[in-house]
Structure formats: structure tokens, C-alpha cells
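One structure is given below, encoded as C-alpha cells.
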Amino acid sequence: MQVSSKGKYSVRAVLDIAQHSDGAPVPLAAISQREGISLMFLEQLFQQLRKGNIVKSLRGSHGGYVLARDPSEITIGEVLRLVESPLYTSSCFSKEESVDDCRISSSCISGAIWKQLAEHVDNFLDSITVADLSNKAKPEIVYGLRVKSKRILADRGVTAELVTEPRAVEVA
């Protein structure tokens, strides 16, 4: 699995709005400057994010973008699916062929692995909201993601090692 720049930048931009909006519109130029993302690239991404009801635009001299919904209602999985091609739909033989439509699916065991992996990835990404990642210190976020990941695995009957408390981490 590889998330493209479109996916990574979309998540960063949505988080930037959540952290800097306070209800006021955030100009794309400000996001571009803070996040180091090309303004033209952001404009393309925000067309998709707007169509997907992640952000909404406000016009005028103090215009920009705000989140279209509460940050607790927007998942990282939702953001990624809007701008990325599906992460795990291709079969081993063809990028156009779905794993479900694979010509040897009845005898191939590895396809089941990829399908389960896709479900785990989707469940994990859908368990993380913009609110989970906004305005928190990195160690707290990392700890929270470990807990979510272990909870998802435990719900599926997979034994996971104990999660340790977050430690202070120096962020470069």
C-alpha cells in the first residue's frame, strides 16, 4: 500500500483547517505556506474535498475554507478515499480487475490475504477522525493511534501486545 502525495497533502490540509480555523475561513494561501504545498495543487485537491463534503468554501475578501462538518464526523479514511484511487482493488494480474473478479479467485489463497488487509486498513483509517488528530501533542496522538489499532485487532480476535503510556518525544 502506498498513499500518494494527493492523499498525504489532503490529510495535512484538512488538519490545518481544523487547527487554524476557529470557525473563520482559512485561505488556501495560508495552508500552502504553513504546509509547504503548492497552491495550484491545493486548489485541485480542494475541488474534490468540497465535492465530498469535507470542506466548504466561503467567498469574499476574508474567504477561504472551513470544515463542512464537525471534525469528529470526518474520518481520515473518508478523506483518503475521496482523493486516492482505491488502495486495494487490483488483482495480482491486472490493475483494472477487482480482487473479487479475479479469474483464479476460487483456487487462490493470497487474494484472501489482500482482501483482509484492505479491510483492516479501511477499519483503521475509518477509526481516526480529524478531531482525534487536531490540537494534540504528537506523543498523545501516537499513543491514541496505537490504542485504536490494538482495539481493532482485539475486536477481530487478534492478540496484541500491551500498549504502553506515551513518553515525551522530542519532535524535530
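The values are calculated or read from the model by the stated rules, or taken from the named source; none is laboratory data. The shown structure was predicted, so the numbers you read here are calculated from the model rather than taken from an experiment. Neighbour counts are summed over all protein chains in view; Cβ atoms, including those assigned to glycine, are modelled from backbone coordinates with ideal geometry.
What to note about this one:
- Unique match (being part of a helix (DSSP H, G or I) and either modelled with pLDDT of 75 or more or loosely packed, with under 14 Cβ neighbours inside 10 Å (or both)) among 104, 141: 141
- Qualifying residue in segment 92-100 (condition: at pLDDT 75 or above and surrounded by 11 or more Cβ atoms within 10 Å (Cβ to Cβ)): no
- One residue from 45, 58, 15 being within 14 Å of the chain's Cα centre (by Cα) and farther than 25 Å from residue 137 by Cα: 45
- Search result, residues across segment 26-40 that are crowded, with 17+ Cβ neighbours inside 10 Å and under 15 Å from residue 62 (Cα atoms): 26, 28, 31
- Among the residues making up segment 124-138, those that are closer than 24 Å to residue 81 by Cβ and in a helix (DSSP H, G or I) are 124, 125, 126, 130, 131, 132, 133.
- Failed condition for residue 23, given (1) touching a residue at least 12 places away in the same chain (Cβ under 8 Å); (2) surrounded by fewer than 15 Cβ atoms within 10 Å (Cβ to Cβ); (3) on the phi < 0 side of the Ramachandran plot: (3)
- If you go through segment 35-61 and keep only what is farther than 16 Å from residue 78 by Cα, assigned to a helix (DSSP H, G or I) and touching a Lys or Arg at 6+ places or on another chain (Cβ under 9 Å), you end up with 35, 41, 44.
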